[in-house]
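A.B. asks: Got a structure for you, questions after.
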Amino acid sequence: MDKLKLTISLFLCILLNGFLACTTPQIVNESFPNVLMISIDDLNDWIGVLGVNPNVKTPNIDRLAQQGFLFTNAHCQAPICGPSRASLFSGLRPSSTGVYGQIKDEDIRKAHPILEEISFLPNYFGDNGYKTLGVGKIFHGHAPKGVFEVSGGRVKGFGPKPRNYFKWSKKGTSTDWGAFPKQDSLMLDNIYAEWAIKELEKDHNLPFFMAVGFIRPHVPWYTPKKWFDLYPKEKISLPKYDPNDYDDLPQIAKEIAHRGMMPTTDWAIKSGEWKNIVQAYLACVSFVDHQVGLVLSALERSRYKDNTIVVLWSDHGYEIGEKGTFGKHTIWSESTRVPLIFKIPGVEGNKKSPYPVELLDIYPTLLDITNLPKNPLNEGKSLLPLINGKAWKGGIAVTTYGINNHSLINQTHRYIRYEDGSEELYDLTNDPSERNNIANTVTSDSIKSTFKEKIPTLNAPWSNKSYNTVNEYFRRTSKTNPETFHLDKNN
């Protein structure tokens with residue numbers, strides 16, 4: 001019966017979306033606000049305004065937050081870039097499309113029937129009269145063909161890289177760290193920033209939607225030495241780490257979190273490399289913050305400064321040793337929490353909200369701000385009422401990793417429910433680092449019941465276009481052959 005309902009639902013959605021695509025788009029002119037979207041790869045909550053890391057220096061992102069609206073409890077829909085970005089730009093949850101793992105840009109539309117007719121966020125603006133531009137890493141790679149009217153492309157990979165790795169060369173990852181190359185102009189993100197600057201200096205006769213995708217602090221953690229010099233190792237604070245943290249976890253949680261190709265925290269401690277890794281990650285964060293600043297300064301110098309919405313986000317978080325290893329791929333806060341900032345012309349800045357929100361909300365929020373027609377297929381919600389200070393009932397943010405593995409968070413608790421029925425529950429007020437699993441305590445039932453109502457009821461099968469080879473659990477459950485995929489496995 002559920003399959004029949006799903007088939008009918010998908011047919012109606014596709015039919016409705018096809019009808020909308022045939023309707024006359026809204027006529028826009030120069031008075032409509034532009035959109036500048038800045039995405040950052042693998043940036044966790046280590047930015048100054050979130051107050052998590054005491055050492056980090058992000059003056060440009062911090063200034064944007066002070067000029068705009070900061071969501072301090074924002075979370076991704078998946079803790080790896082492929083499904084996270086596919087969800088954001090399609091407006092659909094991974095559990096609705098079966099895109100639980102990595103996916104090639106050109107395969108997104110082939111991944112599920114509902115995605116065949118979906119209008120990706122930039123396309124939706126283009127269909128409504130906007131000029132669309134993009135550079136760098138926007139989707140998993142750059143973008144599917146036809147998404148941007150003007151494309152600056154993306155150089156493949158995450159270079160530049162030296163001939164020999166400095167520290168870590170284990171097969172299956174480009175994880176490494178060190179001062180390289182000699183100058184910013186040799187970094188790909190600087191090339192993307194310069195492309196965006198040139199476009200902002202041009203005269204555009206239509207309002208534009210411009211996406212700029214930066215790749216640092218994605219591994220390898222290489223960036224010029226001057227960014228390392230911002231963080232003397234003797235002044236670096238290490239994250240908290242409990243070597244017994246997994247003792248109260250269900251077995252499936254350990255299987256999902258396993259990342260055999262990545263350095264472990266115990267190795268980093270024993271080898272003396274932990275501070276070097278933290279220093280390198282911080283250096284890459286400050287480097288990319290500077291690139292953000294270059295683009296924002298160009299906007300301030302341009303004719304578009306008073307009529308451009310800016311939205312900045314990261315595709316997921318990143319663990320720097322807190323949970324026993326380094327990387328994403330988990331559904332705890334270190335991997336799910338992300339920076340999310342909106343700056344809106346005419347709206348008072350220096351505001352923030354602790355309510356849980358999702359990257360999925362970006363699509364409908366931008367439509368609401370620009371007064372474009374709503375997309376009825378969007379599964380997120382507009383955050384504009386919250387930005388405008390209207391009554392807000394809060395809510396729950398959901399992160400999904402693999403079929404029927406869901407992690408839900410509100411202002412006080414995180415609840416995780418796995419496909420085998422195993423659970424985790426954390427009291428964020430008394431245990432913000434999510435160390436003490438209280439899912440099996442007597443007092444937890446009423447709390448868990450609130451979350452269970454919000455677990456997605458639709459859990460689409462794994463798409464045969466989506467894959468995950470990070471560990472045995474995902475190789476088994478996704479039933480994919482890694483030889484059929486040719487993207488960077490750590491992408």
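The values are calculated or read from the model by the stated rules, or taken from the named source; none is laboratory data. Everything quoted here is computed from the prediction, not taken from an experiment. Don't worry about glycine lacking a Cβ; one is built from the backbone with ideal geometry, like all the others, and counts go over all protein chains shown.
A.B. asks: Just to be sure before I move on: is Lys374 surrounded by fewer than 23 Cβ atoms within 10 Å (Cβ to Cβ) and under 21 Å from Thr97 (Cα atoms) in the structure I sent?
C.D. replies: yes
A.B. asks: I've got another one for you. Go over the candidates Ser444, Ser463, Ser449 one by one and state the one that is assigned to a loop (DSSP other than H, G, I, E, B), at pLDDT 90 or above and more than 24 Å from Thr175 (Cβ to Cβ).
C.D. replies: Ser463
A.B. asks: Does the range 129-140 hold any residues that are buried (at least 20 other Cβ atoms within 10 Å of the Cβ) and over 18 Å from Leu312 (Cα atoms), and which are they?
C.D. replies: Let us first name the residues in the range 129-140 that are buried (at least 20 other Cβ atoms within 10 Å of the Cβ), namely 130, 132-140.
Result: Tyr130, single match.
A.B. asks: With respect to Gly126, is the statement that it is touching a strand residue (DSSP E or B) at 6+ places or on another chain (Cβ under 7 Å) and in contact (Cβ under 8 Å) with a residue 12 or more places away in the chain true?
C.D. replies: Answer is yes for this residue.
A.B. asks: Cβ-Cβ distance below 8 Å, separation of 6 or more or different chains: which pairs start in the range 170-195 with a residue that is under 15 Å from Phe228 (Cα atoms) and outside any helix (DSSP H, G or I) and end on one that is of a type in the set (Phe, Trp, Tyr) and at pLDDT below 95?
C.D. replies: Asp176/Tyr165; Asp176/Phe166; Asp176/Trp168; Trp177/Phe166; Trp177/Trp168; Gly178/Phe166; Phe180/Phe166
A.B. asks: For residues that are outside any loop (DSSP other than H, G, I, E, B) and among the polar types (S, T, N, Q), scanning just the range 29-73, find the one that is farthest from Gly346 (Cα to Cα).
C.D. replies: Top of the filtered list is Ser39.
A.B. asks: Right, here's the next one. Hey, Thr132 hits all of (1) under 17 Å from Gly213 (Cβ atoms); (2) assigned to a loop (DSSP other than H, G, I, E, B); (3) in contact with an Asp or Glu (Cβ under 7 Å, 6 or more places away or on another chain); (4) not aromatic (Phe, Trp, Tyr) but one; which does it fall short on?
C.D. replies: That leaves (2) as the condition not met.
A.B. asks: Of all the residues that make up the range 229-281, how many are surrounded by fewer than 17 Cβ atoms within 10 Å (Cβ to Cβ), small (Gly, Ala, Ser) and in contact with a Phe, Trp or Tyr (Cβ under 6 Å, 6 or more places away or on another chain)?
C.D. replies: Residues flagged as surrounded by fewer than 17 Cβ atoms within 10 Å (Cβ to Cβ), small (Gly, Ala, Ser) and in contact with a Phe, Trp or Tyr (Cβ under 6 Å, 6 or more places away or on another chain) within the range 229-281 amount to 0.
A.B. asks: Could I ask something else about it? May I ask you to list the residues in the range 321-362 that are free of Cβ contacts under 8 Å to residues at least 60 places away in the same chain and under 22 Å from Ala78 (Cβ atoms)?
C.D. replies: Asp361
A.B. asks: For the range 366-391, which residues satisfy the criterion of being touching a Ser or Thr at 6+ places or on another chain (Cβ under 7 Å) and in contact (Cβ under 8 Å) with a residue 24 or more places away in the chain? Lay out the reasoning, then the answer.
C.D. replies: Keep residues of the range 366-391 that are touching a Ser or Thr at 6+ places or on another chain (Cβ under 7 Å), which gives 368, 375, 379, 382-384, 386.
Listed by number, the residues that qualify are Asn375, Glu379, Leu383, Leu386.
A.B. asks: If a residue must be part of a loop (DSSP other than H, G, I, E, B) and touching a strand residue (DSSP E or B) at 6+ places or on another chain (Cβ under 9 Å), how many such residues does the range 420-441 contain?
C.D. replies: 13
A.B. asks: Okay, moving on. Within the bounds of the range 436-454, is there any residue that is among the hydrophobic types (A, V, I, L, M, F, W, C) and crowded, with 21+ Cβ neighbours inside 10 Å?
C.D. replies: yes
A.B. asks: Considering only residues that are modelled with pLDDT under 95 and surrounded by fewer than 17 Cβ atoms within 10 Å (Cβ to Cβ), look in the range 168-188 and name the one that is nearest to the chain's Cα centre (by Cα).
C.D. replies: Checked the range 168-188; the qualifying residue nearest to the chain's Cα centre (by Cα) is Gly172.
A.B. asks: Check the range 392-400 and report whether any residue there is closer than 17 Å to Glu322 by Cβ, buried (at least 17 other Cβ atoms within 10 Å of the Cβ), among the aliphatic types (A, V, I, L, M) and touching a residue at least 40 places away in the same chain (Cβ under 8 Å).
C.D. replies: no
A.B. asks: In the range 74-107, how many are closer than 23 Å to Thr457 by Cβ and not in a loop (DSSP other than H, G, I, E, B)?
C.D. replies: 11
A.B. asks: Collect the residues in the range 234-258 that are part of a loop (DSSP other than H, G, I, E, B), aliphatic (A, V, I, L, M) and touching a strand residue (DSSP E or B) at 6+ places or on another chain (Cβ under 9 Å), keeping them in residue-number order.
C.D. replies: Leu238, Leu249 - these are the residues of the range 234-258 that are part of a loop (DSSP other than H, G, I, E, B), aliphatic (A, V, I, L, M) and touching a strand residue (DSSP E or B) at 6+ places or on another chain (Cβ under 9 Å).
A.B. asks: Among the residues of the range 42-60, is there at least one that is of a type in the set (Ser, Thr, Tyr), more than 22 Å from Ser286 (Cβ to Cβ), in contact (Cβ under 8 Å) with a residue 24 or more places away in the chain and surrounded by 24 or more Cβ atoms within 10 Å (Cβ to Cβ)?
C.D. replies: No, the range 42-60 contains no residue that is of a type in the set (Ser, Thr, Tyr), more than 22 Å from Ser286 (Cβ to Cβ), in contact (Cβ under 8 Å) with a residue 24 or more places away in the chain and surrounded by 24 or more Cβ atoms within 10 Å (Cβ to Cβ).
A.B. asks: Just one of the numbered conditions (1) crowded, with 18+ Cβ neighbours inside 10 Å; (2) out of contact with any His (no Cβ under 7 Å at 6 or more places or on another chain) is not true of Gly159; which one?
C.D. replies: Gly159 satisfies all of (1) crowded, with 18+ Cβ neighbours inside 10 Å; (2) out of contact with any His (no Cβ under 7 Å at 6 or more places or on another chain) except (1).
A.B. asks: Please determine, by comparing only the residues of the range 144-167 that are at positive phi and either acidic (Asp, Glu) or in a loop (DSSP other than H, G, I, E, B) (or both), which one is farthest from the chain's Cα centre (by Cα).
C.D. replies: Gly146
A.B. asks: Continuing with this model, one more query. Looking only at residues in the range 196-232 that are assigned to a helix (DSSP H, G or I) and either in contact with a strand residue (DSSP E or B) (Cβ under 7 Å, 6 or more places away or on another chain) or aliphatic (A, V, I, L, M) (or both), which one is nearest to Phe326 (Cα to Cα)?
C.D. replies: Taking the range 196-232 as the starting set, the residues that turn out to be assigned to a helix (DSSP H, G or I) are 196-200, 225-228.
Subsequent filtering for residues that are either in contact with a strand residue (DSSP E or B) (Cβ under 7 Å, 6 or more places away or on another chain) or aliphatic (A, V, I, L, M) (or both) retains 196-197, 199-200, 225, 228.
Values: Ala196: 32, Ile197: 34, Glu199: 37, Leu200: 37, Lys225: 22, Phe228: 19 Å.
Here the answer is Phe228.
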